[in-house]
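No lab work stands behind these numbers, since they all come straight from the coordinates. Quantities reported herein were computed from a predicted structural model and do not represent experimental measurements. All Cβ positions, glycine included, derive from the backbone under ideal geometry; neighbour counts span all protein chains shown.
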Amino acid sequence: MRNEPSPGMSDLTACPQCDLLLQMGQEARDGRQALVCPRCGSGLYRSNRGSLENMLALACAGMILLVVANAFPVLGLDINGQRTDTTVLGAVDKLWLARMQPVAVLVLLTTILAPLLQLAAVIWLVLPLRLGRRPPAFARVFRVLQLVRPWAMTEVLILGMLVAMVKLAHFADLLPGIGIWSFGALMLLLTALTAMTEPRELWRNWEAAGK
Ligand SMILES: [Zn+2]
């Protein structure tokens, strides 16, 4: 990615589906229009989904949910009156001690570290842009965001928990904790945030902030 695209170059865009090279209109550059490829009809760009305020609000809400999701138990078990419950970090610890280190690392990475990095990167990029300033190390943090996004897999945790709950339902009374509800909400929120993150829009704001 170049830091200072020449004025002519930033007007051109390639259709992600059929590679047709298109000239962007002024409306699209100002972020007022949805663009559709004239050859294959696929959506090129929708400016309204990349609103900085919405991204910032989602990222901050996500941070709060992530803290709540990890502070409270995800699942409680009641076996003949004996009650145990665990948080995700507690489960990671138990997996590690049970000599399942690769699984422990994967759970830690996909359910805690990757979502944390994604949310932190969005706040790092968007907060200064919202205030009209260029964030430090914009390109590098942007690449980190693209890198960690596929690793944030809270939906896999939710699916795994549901399967485990169905299987365990015969042996124990299950008590879903605050943690699992928070992870569920975080899953929806991260999906919305990913759909809303429009690289073109962020770079457009970055260019505008430098003027
Ligand atoms: Zn096309």
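Peptides 160-167, 125-132, ordered by how many other C-beta atoms sit within 10 Å of their residues on average, highest first, read 125-132, 160-167. Legend: calculated FRET efficiency, ALA195 to ARG39, from the Cβ-Cβ distance at R0 = 25 Å, rounded to 0.05, equals 0.55. The angle between the Cα long axis of helix 178-196 and the main principal axis of the chain comes to about 10°, on a 0 to 90 degree scale.
Quick one: Debye curve from the alpha-carbon atoms of region 119-207 only, equal weights, vacuum; give me log10 I(q)/I(0) at q = 0.26 Å⁻¹ to two decimals. The Debye formula, applied to the Cα set alone, gives -1.29. Between SER51 and ALA209, the modelled labels are 2.0 nm apart [label points 7 Å from Cα along Cα→Cβ]. Modelled spin labels at ALA14 and ASP173, positioned 7 Å past Cα toward Cβ, are 6.1 nm from each other. For the pair LEU97 and ILE79 in one chain, pulling the backbone fully straight at 0.36 nm per residue adds 4.2 nm over the alpha carbon distance.
For the chain, the mean projected area of the C-alpha convex hull, equal to one quarter of the hull surface, is 14.6 nm². Placing a pseudo-label 7 Å from each Cα along the Cα-to-Cβ vector at ARG130 and ARG143 gives an inter-label distance of 2.7 nm. Taking the chain, the Cys residues with no second Cys beta-carbon under 4.7 angstrom are CYS60. Once the Cα atoms are used to define both axes, helix 88-97 deviates from the longest principal axis of the chain by about 70 degrees.
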